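K.L.:
One structure coming up, written as structure tokens, with questions to follow.
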Amino acid sequence: MAAEFQVTDLQVEYFAHPIGIDRPDPRFSWGFESRQRMQNQSAYQILVASSEEKLGSGQADVWDSGKVVSACNRNIVYAGLPLRSGKRYYWKARAWDADDRPTDYSGNGTWEMAYLQSEDWTARWIGVTEKDKRRWAAEQTKDGAAADGMGTPLPIFRSVFRLDKEVVKAKASICGLGHYELRLNGQKVGDRVLEPGWTDYDHTCLYSVIDVTEHLRKGDNAVGVMLGNGFFNVTGGRYAKFIGSFGDPKLMMQLDVAYGDGTTERVVTGDNWRIRRGPITFSCIYGGEDYDANLEQAGWDKAEFVEDGRWHNAELVAGPGGKLQAQLIPPMKVMRTFQPVQVNRISSRIYVYDFGQNFSGWIRIVVKGASGSQVRFTYGELLDDEGKVNQKWTKSPSYFSYTLKGEGDEVWRPRFSYSGFRYIQVEGAVPEGANTVSAWQEPVLKQIEGQMIYPDVRKVGEFSCSNPLFNRIHDNINWAILSNMKSVFTDCPHREKLGWLEQTHLMGPSIMYNYDVSNLYRKIVGDMGEAQLDNGLIPDIAPEYTVFEEGFRDSPEWGSAYIIAAWYAYHWYGDKEVLENHYDGMKKYIDYLTGLSDGYLLSHGLGDWCDVGSDGFPLHTPIAVTASATYYYVAVIMQKIAEVVGNLEDAHWFAELALSVKEAFNAEFLNEESGQYARGSQTSNAMPLALGLVPDSLRMKVLENIVSDIRERGNSPSGGEVGLRFMFKALAAEGQSGVISTLLNKTDHPSYGYQILHGATTLTELWDGPTAGLSQNHFMFGHPEEWFYSSLAGIRINYEETNFQHLAIAPQMVDGLQWVKARHDLVQGRVEVYWERQEDGILRLDVTIPVNTTAVVHVPVTDIDRILEGGQRLDQMKEIEFLRREGNHHLLRIGSGSYRFRIAGGIE
């Protein structure tokens, strides 16, 4: 008899059917589907074959794991025959239930290997040389070309090659620095943009592996590549946060072609490739991009193209210092598009387009006009008193420009620069249908759309409730998260674009409830490790493209992301390797903090950044409080990490360190009589309470002080991005979600509602929102998101202890809410919660738990006889185990399946 669940959603390294795995022992994961309750995996078996036919007939000629007694369904490490570079493999899995009944085998999964050895690369690096730049400068002078902010033009490369047989499979492996666009036979390959991901190019350079089979043909073919600067080469010329370069743009690529007869062929970059300057005349990751369509050469990326005299052989160049590594993060793409909701005429030559939503990306236009006409697109988040785009806080000059070639409708978008914006100010073109009278014929802007760019991550969460303001806050938080999600998490998508680290842990759970960022966090933790200094310091940004002054380079609340973010990711995704690979670096950072401590206390850093009333350094909380509390937290986490990796001696040492920090913290900051820490600010009291620093006898007094301060401030927060998260955590843990609800329901200053009431469509940098300026697209204050999922919906991922197959479902049903609905997709399947106060006085609580998972449901009622499930009393339900009563809740253990609880008389 077969098990009553099925293995589904096969993943290798967190991807379905990946084609660029460069580790010799990839890891397997899967989920489950079932309509039955109480389903668990007791064992599994994985089969791997070299062909689909062999797998179909049960011939696991690469690896047969055999029956492995284990409940684990994630990160199973491959242990078969040595894998070959470039080879595709086929696999499937089955599981056994608790009664030792096997499932059917899953459908087939696949993965393809990237290059496992450096010797697999036979391509050579080619790129821009000083000779090229001198040649192009002379060409510009000869052409009379001039552009505001003109820098070195960006190159284009081409090569023609012949394939004499029918192609059955072809893959391109390409690293174009800073960014590239790959073209084959006149077409852009795929929909990736801003590739590859940003790294410290002296340590790591990512290459993409792309299936290009459909773009090739028997006979003559052509490959074309455009290169951009990205963070590899920040040259300035317009606004730039910093100027710095790893070198001029460069390219390495090889194309592996397989024929039907089993033979193969390879096309590689080398000095037989051709190069010339392209139509992108300026590009800066900060300042924008200029494109001159008159420099286009139609068909340059086709085999039949006839070159002019400005093409010449590319030169071999030295490669970057970093090691080539296959990119295993979701690629960035244009994920959403926006049409203007309003167009305002400012003058005869200036129009401002409002897309109605602040986001990060670029524009796509269709324009028609005379050759040589130039249209400028200035982007911004706010408008000035005249209705023009205001770049005061996003920095200027920053813009896109397009010079027309004068050949009908011309379609264009930038390629290698992006920004955050809501408004686009257009100068030099008029909207189609506009009534204008001028001495010259303006180009006509026939279409403009905004294109939002972020990684193609899987959405794993949804939340909604009966409170429209809460839903708007949830939306604004997610717009801000996605706007700042690139190959790092930026703090803002315009003036900074850097990977400030504190957000990766403070906002980690809020991000993870909504999006699968398993591989992205693995990469970001790697960025931190590469940024670590010899003395152990983790800088505040990673990759550390520029070194800031001391106060902005070494803050414990920032650098500790190396430990905290990795710990959270481990609990969400079960990626023990992240902890193992970075354990020594984490220890080194703890040693660094310990060396700076004075009596186990730290007093340096940025503190509770941007608390209420400030635009940076905190006004209400001493820096030593947040720095030392963070020091304690990472010591506690390091004890647990040491236990996970099996170093019990270190675990004991970290436990002793945490105890010493705790004693010193309370001796320095705690007033036992008043129950106040330091100055008694919300952050000063909330961080110790949330992190376990407060003596048990004083927890209620400290909690009362937090609540009292919130009430005295008119139900308002005072904390910054560090303290606010821990205030929410402290209040929720102590059953005070009603206080959080009241705080979030406000629309006066300071509040999220105030931002929304004044037009914010994303989270803003300061509490003042659009009324004060600064960035209108920061996600650092998005901590309500964690509360929405973990408290209102009650889906609690335990990222303090290790149990990947167990959840708590503990919704906090605050006054004023009629219903809450949420779902979150774990590796093993979907968790769903819906609760509603019904008109008949019944409380409805629906819970769905995936296979191979148990949950403890906290039901808010003191009389267990008032609880029905599926219309039956609990003592009649063998699938539900009563555990205990805690206060006004009954705790019930359930297994997988869907449950429909009804509580007569509502909650207490």
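K.L.:
For the range 249-262, check the following and say yes or no: at least one residue is buried (at least 22 other Cβ atoms within 10 Å of the Cβ), at pLDDT 95 or above and assigned to a loop (DSSP other than H, G, I, E, B).
P.N.:
Yes, there is a match, as at least one residue in the range 249-262 is buried (at least 22 other Cβ atoms within 10 Å of the Cβ), at pLDDT 95 or above and assigned to a loop (DSSP other than H, G, I, E, B).
K.L.:
Residue 832 - would you say it is under 27 Å from the mean Cα position of the chain (by Cα), within 24 Å of residue 905 (Cα to Cα) and outside any loop (DSSP other than H, G, I, E, B)? Explain how you work it out, then say what you get.
P.N.:
On the way: under 27 Å from the mean Cα position of the chain (by Cα): yes; within 24 Å of residue 905 (Cα to Cα): yes; outside any loop (DSSP other than H, G, I, E, B): yes.
So residue 832 passes the test.
K.L.:
From the list 11, 41, exactly one residue is closer than 17 Å to residue 574 by Cβ, part of a strand (DSSP E or B) and not aliphatic (A, V, I, L, M). Which is it? Give the steps one after another, and end with the answer.
P.N.:
Working: 41 fails: part of a strand (DSSP E or B).
Every option except 11 fails the conditions.
K.L.:
Also, quick follow-up: With a cut-off of at least 3 residues that are out of contact with any Pro (no Cβ under 6 Å at 6 or more places or on another chain), surrounded by fewer than 22 Cβ atoms within 10 Å (Cβ to Cβ) and of a type outside the set (Phe, Trp, Tyr), name the strands (runs of 3 or more DSSP E) lying wholly within the range 410-520.
P.N.:
Correct list: 444-455, 461-465.
K.L.:
Oh, and also: Within the range 394-409, how many residues turn out to be small (Gly, Ala, Ser) and either touching a strand residue (DSSP E or B) at 6+ places or on another chain (Cβ under 7 Å) or buried (at least 19 other Cβ atoms within 10 Å of the Cβ) (or both)?
P.N.:
3
K.L.:
For a quick check of your reading of the model, give me the residue pairs whose first member lies in the range 542-556 and is closer than 15 Å to residue 488 by Cα and assigned by TED's automatic domain parsing to the domain that holds residue 607, whose second is crowded, with 24+ Cβ neighbours inside 10 Å and β-branched (Val, Ile, Thr), with beta-carbon atoms closer than 7 Å and at least 6 apart or on different chains.
P.N.:
Close Cβ pairs (under 7 Å, with a partner that is crowded, with 24+ Cβ neighbours inside 10 Å and β-branched (Val, Ile, Thr)) amount to 543/199.
K.L.:
Can I ask one more? If I filter the range 328-337 for residues that are of a type outside the set (Lys, Arg) and without any contact (Cβ under 8 Å) to a residue 40 or more places away in the chain, do I get at least one hit?
P.N.:
Among the residues of the range 328-337, not one is of a type outside the set (Lys, Arg) and without any contact (Cβ under 8 Å) to a residue 40 or more places away in the chain, which makes the answer no.
K.L.:
Among the residues in the range 41-57, are any under 30 Å from residue 172 (Cβ atoms), among the aromatic types (Phe, Trp, Tyr) and at pLDDT 95 or above?
P.N.:
No, because not a single residue in the range 41-57 is under 30 Å from residue 172 (Cβ atoms), among the aromatic types (Phe, Trp, Tyr) and at pLDDT 95 or above.
K.L.:
Specify the residue that is farthest from residue 255 (Cα to Cα); the eligible residues are those in the range 109-121 that are part of a loop (DSSP other than H, G, I, E, B) and at pLDDT 95 or above.
P.N.:
Filtering the range 109-121 for residues that are part of a loop (DSSP other than H, G, I, E, B) and at pLDDT 95 or above, the one farthest from residue 255 (Cα to Cα) comes out as 116.
K.L.:
If we keep just the residues of the range 187-216 that are in a loop (DSSP other than H, G, I, E, B) and touching a Phe, Trp or Tyr at 6+ places or on another chain (Cβ under 9 Å), which is surrounded by the fewest Cβ atoms within 10 Å (Cβ to Cβ)?
P.N.:
202
K.L.:
Sticking with this structure for a sec: Restricting to the range 220-239, count the residues that are in contact (Cβ under 8 Å) with a residue 60 or more places away in the chain and part of a strand (DSSP E or B).
P.N.:
10
K.L.:
Taking the residues in the range 267-276 that are in a strand (DSSP E or B) and in contact with a Leu (Cβ under 9 Å, 6 or more places away or on another chain) as candidates, determine which candidate is surrounded by the most Cβ atoms within 10 Å (Cβ to Cβ).
P.N.:
Ranking the qualifying residues of the range 267-276, first place goes to 267.
K.L.:
At pLDDT below 95, aliphatic (A, V, I, L, M) and under 28 Å from the mean Cα position of the chain (by Cα): which single residue out of 809, 842, 797 fits that description?
P.N.:
After ruling out the rest, the residue left standing is 797.
K.L.:
If residue 652 passes every condition in (1) crowded, with 16+ Cβ neighbours inside 10 Å; (2) over 26 Å from residue 551 (Cβ atoms); (3) not small (Gly, Ala, Ser) but one, which one does it miss?
P.N.:
All conditions are met except number (1).
K.L.:
Going through 428, 450, 406, 420 one at a time, which residue ends up being without any contact (Cβ under 8 Å) to a residue 40 or more places away in the chain and either more than 26 Å from the chain's Cα centre (by Cα) or not assigned by TED's automatic domain parsing to the domain that holds residue 527 (or both)?
P.N.:
The conditions single out 406.
K.L.:
Can you tell me which of (1) part of a loop (DSSP other than H, G, I, E, B); (2) under 18 Å from residue 588 (Cα atoms) is the one residue 557 doesn't meet?
P.N.:
(1)
K.L.:
Tell me yes or no: at least one residue of the range 456-476 is in contact with a helix residue (DSSP H, G or I) (Cβ under 6 Å, 6 or more places away or on another chain) and β-branched (Val, Ile, Thr).
P.N.:
Within the range 456-476 (the criterion being in contact with a helix residue (DSSP H, G or I) (Cβ under 6 Å, 6 or more places away or on another chain) and β-branched (Val, Ile, Thr)), the answer is yes, since at least one residue qualifies.
K.L.:
Any residue in the range 152-165 that is of a type in the set (Ser, Thr, Tyr) and farther than 28 Å from residue 259 by Cα? Outline the logic, then answer.
P.N.:
Of the range 152-165, the ones of a type in the set (Ser, Thr, Tyr) are 152, 159.
Going one step further and asking which of them are farther than 28 Å from residue 259 by Cα, we end up with 152.
Yes, the range 152-165 contains a residue that is of a type in the set (Ser, Thr, Tyr) and farther than 28 Å from residue 259 by Cα.
For every residue, the table says whether it meets (1) among the polar types (S, T, N, Q); (2) surrounded by 14 or more Cβ atoms within 10 Å (Cβ to Cβ); (3) touching a residue at least 60 places away in the same chain (Cβ under 8 Å); (4) assigned to a loop (DSSP other than H, G, I, E, B).
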residue: 30; (1), (2), (3), (4): no, yes, yes, no
residue: 46; (1), (2), (3), (4): no, yes, no, no
residue: 89; (1), (2), (3), (4): no, yes, no, no
residue: 94; (1), (2), (3), (4): no, yes, yes, no
residue: 100; (1), (2), (3), (4): no, no, no, yes
residue: 107; (1), (2), (3), (4): no, no, yes, yes
residue: 123; (1), (2), (3), (4): no, yes, yes, yes
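K.L.:
Take the range 229-243 and flag every residue that is on the phi < 0 side of the Ramachandran plot and at pLDDT 95 or above.
P.N.:
Residues satisfying the conditions are 229, 231, 232, 233, 234, 238, 239, 240, 241, 242, 243.
K.L.:
Okay, next question. Residue by residue through the range 828-872, note down the ones that are β-branched (Val, Ile, Thr) and closer than 17 Å to residue 35 by Cα.
P.N.:
If the condition is that a residue be β-branched (Val, Ile, Thr) and closer than 17 Å to residue 35 by Cα, then 831, 833, 847, 848, 849, 851, 853, 854 are the ones that fit.
K.L.:
Here is a further query. I'd like to know if the range 591-602 contains one or more residues that are assigned to a loop (DSSP other than H, G, I, E, B) and crowded, with 23+ Cβ neighbours inside 10 Å. Steps first, please.
P.N.:
Quick first cut of the range 591-602, residues assigned to a loop (DSSP other than H, G, I, E, B) only: 597, 599-600, 602.
Adding the requirement that they be crowded, with 23+ Cβ neighbours inside 10 Å leaves 602.
Yes, some residue in the range 591-602 is assigned to a loop (DSSP other than H, G, I, E, B) and crowded, with 23+ Cβ neighbours inside 10 Å.
K.L.:
Here's a follow-up. Might you let me know whether the range 861-878 holds any residue that is touching a residue at least 40 places away in the same chain (Cβ under 8 Å), surrounded by 14 or more Cβ atoms within 10 Å (Cβ to Cβ) and closer than 23 Å to residue 734 by Cα? Let's see the steps before the verdict.
P.N.:
So the first thing to find is which residues in the range 861-878 are touching a residue at least 40 places away in the same chain (Cβ under 8 Å), and the list is 861-862.
Those still in the list that are surrounded by 14 or more Cβ atoms within 10 Å (Cβ to Cβ) too: 861.
Next, only the ones that are closer than 23 Å to residue 734 by Cα stay: 861.
Yes, the conditions are met somewhere in the range 861-878.
K.L.:
Go through (1) under 29 Å from the mean Cα position of the chain (by Cα); (2) over 23 Å from residue 855 (Cβ atoms) and name the single condition residue 32 misses.
P.N.:
(2)
K.L.:
Based on what the data block shows, is residue 136 among the aromatic types (Phe, Trp, Tyr) and under 26 Å from residue 315 (Cα atoms)?
P.N.:
Details: among the aromatic types (Phe, Trp, Tyr): yes; under 26 Å from residue 315 (Cα atoms): yes.
Spelling it out, residue 136 is indeed among the aromatic types (Phe, Trp, Tyr) and under 26 Å from residue 315 (Cα atoms).
K.L.:
Any residue at all in the range 866-877 that is of a type outside the set (S, T, N, Q) and touching a Pro at 6+ places or on another chain (Cβ under 9 Å)? Even if it seems obvious, please write down each step before you answer.
P.N.:
Filtering the range 866-877 down to residues of a type outside the set (S, T, N, Q) leaves 866-871, 873-875, 877.
With touching a Pro at 6+ places or on another chain (Cβ under 9 Å) added as a condition, the list becomes none.
There is no residue in the range 866-877 that is of a type outside the set (S, T, N, Q) and touching a Pro at 6+ places or on another chain (Cβ under 9 Å).
K.L.:
For the range 835-869, what are the residues that are outside any strand (DSSP E or B), of a type outside the set (Val, Ile, Thr), over 27 Å from residue 42 (Cβ atoms) and in contact with a strand residue (DSSP E or B) (Cβ under 8 Å, 6 or more places away or on another chain)?
P.N.:
Within the range 835-869, 838, 860, 865, 866 qualify.
K.L.:
A follow-up question, please. Could you tell me which of the residues 663, 580, 643 is without any contact (Cβ under 8 Å) to a residue 24 or more places away in the chain and either charged (D, E, K, R) or within 30 Å of residue 803 (Cβ to Cβ) (or both)?
P.N.:
643
The values are calculated or read from the model by the stated rules, or taken from the named source; none is laboratory data. Predicted model, so just to flag it, every value in this text is computed and none were measured. No Cβ is skipped: glycine too gets one built from the backbone with ideal geometry, and neighbour counts run over all protein chains shown.
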